[in-house]
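The values are calculated or read from the model by the stated rules, or taken from the named source; none is laboratory data. This is a predicted model, so every value here is computed, not measured. Neighbour counts are summed over all protein chains in view; Cβ atoms, including those assigned to glycine, are modelled from backbone coordinates with ideal geometry. Areas reflect the complete protein model, heavy atoms only, side chains present, ligands, DNA and RNA absent. Shrake-Rupley method; radii C 1.70, N 1.55, O 1.52, S 1.80 Å.
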Amino acid sequence: MIQVIERFHRILEHLSAAPDRPCQLGELAELLNISAPAAANIVRAMTELGYVRALGRRRGYLPGPALYALGRGNPYLYLSSIARPEIERLAACCRELVVLVCECGGKRSELLRMAGATEITIRQPHPHGTFYNLFRCGTGILLLAYMDEPRQRQLWEYWHGEDNILNLNEFNLFQARCREIAAAGMFCSGDEPPPAVSGAQRISIAFPILQSGVPIAALGVLVPRKEFDSAGDSLALAAARQCALNIGNLLEQ
């Protein structure tokens, strides 16, 4: 048992040394001086516990959300509690669906969801939580927009990114649109051409939650199309933008 704990610890240290670089199973087996099947058993248990994120077949591993939650500097341990009052005010104002999400294992994981003034759920990111394809929702597209090119491409290939709400079937076009979204600092499905929002009754809006200038989550709101004026503005859009800024400011305090 002590040997297993030691190996667990060495894997965590190794992954944490370069948290953005996928680590292959063979590399971990060599690190521990054990066989690949033995290393796979350890990594599988760590993945189930949330300490490791599996990126898919032969795509390697990254640190998981459970590992980050143990760190004092990571916001996921307290983000929901800090954001909750701000999101309650936004949900009461918009009377529509409001979500706070993060990226976990290449997919969208909800931290908090409100519908009007009713709290639906609050949770921490976990590999067994509520997942959704990043390419199929506004908050997911926003999170993708702030990722670097290798990570974007990796997720595009693994999660069939051509089936996305931007209706772009080439990665280069998708990447260019992501750059525009990141430069604007928001995503709005009303900005996309048909058939992306053809016949849509509600528009998806998403803003990044920033900590020290780094996007660590996304705030999403569904707003009735009829509430947007001819200039494309709405009170809900302005309120959502301010809510995201307020949460970011609270994280810095």
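Side notes on the structure shown:
- Around the amide H of A217, modelled in the peptide plane, lie the amide H atoms of I209, all under 5 Å away and 5 or more residues distant in sequence or on another chain.
- Shown here: the stretch 1-68, whose C-alpha atoms stretch 26, 22, 21 Å along the first, second and third principal axes, sorted largest to smallest.
- Solvent accessible area, Å² - D163, 1.4 Å probe, full protein context: 90 Å²
- In nm, spacing of pseudo-spin labels at R59 and L31 (7 Å Cα→C-beta vector): 2.0 nm
- Protein-only accessible surface order, largest first, of M46, M147 at 1.4 Å: M147, M46
- A simple spin-label model places pseudo-atoms 7 Å from Cα toward Cβ; at E180 and I5 they are separated by 5.5 nm.
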